[in-house]
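See below for the structure under consideration.
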Amino acid sequence: MLIGTLGWRYLPIFSISKQSGLSTDDTTECWEGIASLLKKGHEMLFSSSNSTSEIVGKRQYHPLLQILQTLLEDWRRFFEGVKCTGPSI
């Protein structure tokens, strides 16, 4: 797994707002959204080396990339519609 070879530890993605019951700002929601998309892409394409080899070998990646593209376009529409702010001091 690439994350392991870089020495990074894999951390599962979770929603701060859903876990804590608190409302979050748009910036946090944008970060949660893109992090969740990265996790979804990793799970779909790189769940194991055997799975990845099969996806590439059988050229099955195109439908998976289309799914991810649709999800990314949805996230982008949300991102463009909000005002992400910096930390309040």
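A few notes on this one:
- Candidates Ile34, Ile89, Ile55, Ile67, filtered to the one that is of a type outside the set (Phe, Trp, Tyr) and modelled with pLDDT under 90: Ile89
- In summary, Trp75 fulfils each of the numbered conditions (1) modelled with pLDDT under 85; (2) in contact with a helix residue (DSSP H, G or I) (Cβ under 9 Å, 6 or more places away or on another chain) with the single exception of condition (1).
The values are calculated or read from the model by the stated rules, or taken from the named source; none is laboratory data. Because the structure is predicted, anything quoted here is derived from the model rather than measured. Cβ atoms come from the backbone with ideal geometry, glycine included; neighbour counts cover every protein chain shown.
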